[in-house]
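Colleague: Take this structure first; my questions come after.
Values in this text are rule-based calculations from the coordinates and carry no lab data. Small disclaimer: the values here were computed from a predicted structure and weren't measured. Glycine also receives a Cβ, built like all others from the backbone with ideal geometry; neighbour counts cover every protein chain displayed.
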Amino acid sequence: MRRKIVAGNWKMLGSRTENAALLDALVGGLNADTVTCVVCPPFVYLHDVWRALRDSPIALGAQDVCAEAQGAYTGEVSAAMLKDVGCEYVLVGHSERRTLYGEDDQLVARKYAAALGRGLIPILCLGEQLAEREAGQSTQVVGRQLAAVVNLCGVQALAGGVLAYEPVWAIGTGRNASPEQAQAIHAFLREQVGQQDAKIGAGLRILYGGSVKAGNARELFDMPDVDGGLIGGASLKSDEFLAIVAAA
Ligand code: 13P
């Protein structure tokens with residue numbers, strides 16, 4: 001049985017005041033020792049959030065990481081720094097990074113390697129655009145995104161990470177993938193990994209992200225290959241996020 005994960009991606013939202021209220025409610029309301037719960041605030045709030053969470057079971061994650069280990073990379077944050085401030089997880093290849101900041105599959109794979117190399121758990125985000133889905137290319141796209149990481153890091157590297165299938169057309173749109181659509185892609189991803197290493201494929205956690213809410217979490221998480229969720233908008237509302245964790 002794979003332990004489910006519910007991770008909140010706060011994106012570039014929140015403030016110290018809003019975060020404090022949200023964390024208070026999450027720490028006070030969380031009642032799930034069978035689910036791994038993670039929050040991913042913006043870099044500047046990591047230390048505040050670490051302090052608020054240090055005596056709680058909620059883990060800390062970041063939203064991005066530099067592919068380089070250290071040096072003259074103004075504006076970037078390294079995997080070692082994230083580890084230093086208490087992060088356990090980091091998102092890599094979020095669709096907003098891929099589409100708005102031009103991150104390609106190779107850069108995302110290097111970020112995955114950098115995170116893993118420093119003892120972070122990378123959450124590798126994968127997903128197709130609407131036009132790609134309509135053209136019947138969903139599995140081709142996520143297969144290519146996954147292969148870039150496997151080619152650079154080896155299939156063993158997936159044992160130390162998590163996948164998150166986030167169809168771009170479902171992110172922030174209120175239009176989630178149906179449980180069957182999510183299941184089909186998750187099963188495909190697991191099979192791709194399983195063909196190379198059956199044990200790693202069977203143990204791999206694959207999260208679904210894209211308009212997950214309290215009202216649809218249960219039916220998504222009930223699918224056999226959906227091992228939890230990566231939550232955007234609803235992770236900023238404590239009652240919604242706690243209900244999603246409870247659904248997991
Ligand atoms: P929403 O839950 O707001 O659709 O965002 C999903 C997401 O991008 C999480 O990384």
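Colleague: Per DSSP H run of at least 4 residues, take -39500 (n - 2.57); add these up for the chain, divide by its residues and hand me the 222 nm value, nearest 500 deg cm²/dmol.
Modeller: Numbers: 11 runs with 110 residues, N = 248.
It lands at -13000 deg cm²/dmol.
Colleague: Suppose the chain between residue 84 and residue 56 were pulled fully straight at 0.36 nm per residue; how much longer would it get relative to their current alpha carbon spacing?
Modeller: Gain on extension, residue 84 to residue 56, equals 8.2 nm.
Colleague: For residue 76, what is the net charge nearby, where nearby means another residue's Cβ is under 10 Å from its Cβ and Lys, Arg count +1, Asp, Glu -1?
Modeller: Details: positive: none; negative: 64, 68.
Result for the local shell: -2.
Colleague: Roughly what would the spin-label model give for residue 74 and residue 130, points 7 Å off Cα along C-beta, in nm?
Modeller: Here the modelled spin labels are 3.8 nm apart.
Colleague: I've got another one for you. If the viscosity is 0.890 mPa s and the temperature 25 °C, what translational diffusion coefficient in µm²/s does Stokes-Einstein give for region 94-161 when Rh comes from Kirkwood over Cα pairs?
Modeller: Using the Kirkwood radius from Cα pairs, D works out to 198 µm²/s.
Colleague: In whole Å, what three semi-axes, largest first, describe the equivalent ellipsoid of region 21-92 built from its Cα gyration tensor (square root of 5 times each eigenvalue)?
Modeller: Details: eigenvalues 132, 28, 16 Å².
That gives 26, 12, 9 Å for the three semi-axes.
Colleague: Please give every one of the aspartates and glutamates within straight-line cross-link reach of residue 237, meaning a C-alpha to C-alpha distance under 13 Å, and leave out same-chain neighbours fewer than 8 residues apart.
Modeller: Correct list for residue 237: 18, 24.
Colleague: What share of all Cα pairs of region 34-75, in percent, falls into each consecutive 10 Å distance bin?
Modeller: Reading upward from the zero bin: 25, 42, 26, 7, 0.
Colleague: Note the direction-averaged projected area, equal to a quarter of the hull surface, for the Cα convex hull of region 129-178, in nm².
Modeller: For region 129-178, averaging the hull's shadow over all directions gives 4.1 nm².
Colleague: Within 14 Å, Cβ to Cβ, of residue 167, how many net charges do the neighbouring residues add up to if Lys/Arg are +1 and Asp/Glu are -1?
Modeller: Counting the neighbours of residue 167, the net charge comes to -3.
Colleague: Continuing with the same structure: For region 136-224, compute the orientation-averaged projected area of the C-alpha convex hull (one quarter of its surface), in nm².
Modeller: In nm², the orientation-averaged hull projection of region 136-224 is 5.8.
Colleague: What area, in nm² and to one decimal, does the C-alpha convex hull of the chain cast on average over all directions?
Modeller: Its average projected convex-hull area is 12.2 nm².
Colleague: Non-local amide H neighbours of residue 4 (under 5 Å, H modeled in plane, Pro and chain starts lacking H): which ones?
Modeller: Counting only residues 5 or more places away or on other chains, the set is 36.
Colleague: Counting Lys +1, Arg +1, Asp -1, Glu -1, what net charge surrounds residue 63 among other residues with beta carbon under 11 Å of its beta carbon?
Modeller: That sum, taken over residues with Cβ under 11 Å, equals 0.
Colleague: Still on this model: Please compute P(r) over all alpha-carbon pairs of region 197-247, binned at 10 Å starting from zero, and give each bin as a whole-number percent.
Modeller: With 10 Å bins starting at 0, P(r) equals 27, 49, 18, 6.
Colleague: Mind jotting down the three principal axis lengths of region 42-162 based on Cα atoms? Whole angstrom, largest first.
Modeller: Largest to smallest, the principal-axis extents are 47, 30, 27 Å.
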